[in-house]
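Chemist: One structure, as structure tokens, below. Some questions next.
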Amino acid sequence: MEGRMSEVQKANREPRVNRVASGDGEEAPEVTRLLHQLVTEVARVHRGDSDTAFPSNPCLREELAAALPKWKRFIDLAAVTLLFPVWLPVMTLVALWVAVTSPGPIFYRQPRIGFKGRRFMLVKFRTMKVNAETHIHEAYLEHLIISDRPMIKLDATGDPRLILGGKFLRATGLDELPQIFNVLKGEMSLVGPRPCTVGEFERYAPEQRARVNALPGLTGLWQVNGKNRTTFRQMIEMDIFYSRNISLSLDMKIILRTVPAIVSQFFDSVQPLPRSGAQPTPPVKT
């Protein structure tokens with residue numbers, strides 16, 4: 001691990017116009033190195049390699065079976081497999097964009113809280129500059145938790161920590177594509193509550209922790225019911241409702257409403273929501 005990190009750090013310090021030598025002694029453009037990094041990282045995630053400083057804590061088979069019915073796992077695997085020709089090229093393009101526009105690693109890995117409070121390493125495309133301050137986001141999240149205001153992202157007001165195009169990637173959810181590998185590993189599902197950070201989970205009241213009684217998902221009831229227009233309390237209520245009412249029909253409704261929700265979220269990012277006071281939200285649709 002230390003050797004790999006040293007190589008990545010050394011490569012990141014090289015000028016952007018540098019070229020690397022190919023196997024036959026000729027020079028190859030830098031994009032070759034970037035593609036190699038992409039393939040290496042994706043293969044590492046797909047193999048299930050874990051960070052030595054953060055070992056995985058897998059669920060017991062019985063507990064996982066209770067939270068992930070056979071039909072749900074079948075839909076996860078079938079959708080990922082059938083859409084492979086779509087998401088792989090898109091993921092490759094996004095990876096190249098991140099690599100070319102911002103020096104540093106392509107992927108961002110962060111500990112998240114999964115099923116029954118178990119931690120796992122979530123993978124996403126890096127949309128912030130290397131070594132960006134995180135205490136700003138943590139303070140803002142704490143403010144949202146106690147203020148009961150709409151959960152508008154800092155992106156809406158122009159976050160200087162974002163890389164070029166980072167706001168677009170986050171608004172369209174393209175930065176979340178690598179979590180497909182979390183789905184394949186059984187740490188996430190296509191549909192479920194969003195996986196919260198460790199710090200956020202520590203701030204939950206005991207009754208709010210019921211939201212982790214379902215596998216986290218790429219999309220969910222909260223995401224298709226207003227998301228940034230809703231408050232933290234409303235998000236928790238929707239996630240708990242979903243964890244108690246998992247069904248095939250509910251999952252299909254959420255999946256079908258995901259694309260329109262992403263389109264709406266994108267336009268919201270172009271025209272930020274007002275930040276003063278909580279906005280009325282429509283009733284939860286199931």
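The values are calculated or read from the model by the stated rules, or taken from the named source; none is laboratory data. Keep in mind that what you see is a predicted model, and the values were worked out from it rather than measured. Here the Cβ is made from the backbone with ideal geometry for all residues, glycine too, and neighbour counts use every protein chain on show. Just the protein is used for accessible areas: all its heavy atoms, side chains included, with ligands, DNA and RNA removed. Shrake-Rupley method; radii C 1.70, N 1.55, O 1.52, S 1.80 Å.
Chemist: What about residue 45, is it at pLDDT 90 or above, in a helix (DSSP H, G or I) and within 23 Å of residue 197 (Cβ to Cβ)?
Modeler: no
Chemist: Then there is this: Are any residues in segment 157-193 open to solvent by 40 Å² or more (accessible area, probe 1.4 Å), assigned to a loop (DSSP other than H, G, I, E, B) and at pLDDT 90 or above, and if so, which ones?
Modeler: Correct list: 164, 185.
Chemist: Also, quick follow-up: Could you list, in sequence order, all residues of segment 93-128 that are among the charged types (D, E, K, R) and either closer than 30 Å to residue 206 by Cα or assigned to a helix (DSSP H, G or I) (or both)?
Modeler: Matches in segment 93-128: 109, 112, 116, 118, 119, 124.
Chemist: Could you check segment 238-257 and list, in sequence order, the residues that are loosely packed, with under 13 Cβ neighbours inside 10 Å and closer than 25 Å to residue 207 by Cβ?
Modeler: Scanning segment 238-257 gives 244, 245.
Chemist: Of the residues that sit in segment 101-134 and are in contact with a Gly (Cβ under 8 Å, 6 or more places away or on another chain) and among the charged types (D, E, K, R), which one is least open to solvent (accessible area, probe 1.4 Å)?
Modeler: Among residues in segment 101-134 that are in contact with a Gly (Cβ under 8 Å, 6 or more places away or on another chain) and among the charged types (D, E, K, R), the one least open to solvent (accessible area, probe 1.4 Å) is 126.
Chemist: Within the bounds of segment 183-190, is there any residue that is farther than 25 Å from residue 143 by Cβ and touching a Phe, Trp or Tyr at 6+ places or on another chain (Cβ under 6 Å)?
Modeler: Yes, some residue in segment 183-190 is farther than 25 Å from residue 143 by Cβ and touching a Phe, Trp or Tyr at 6+ places or on another chain (Cβ under 6 Å).
Chemist: Given the residues 274, 282, 260, which is the only one that is modelled with pLDDT of 65 or more and surrounded by fewer than 16 Cβ atoms within 10 Å (Cβ to Cβ)?
Modeler: 260
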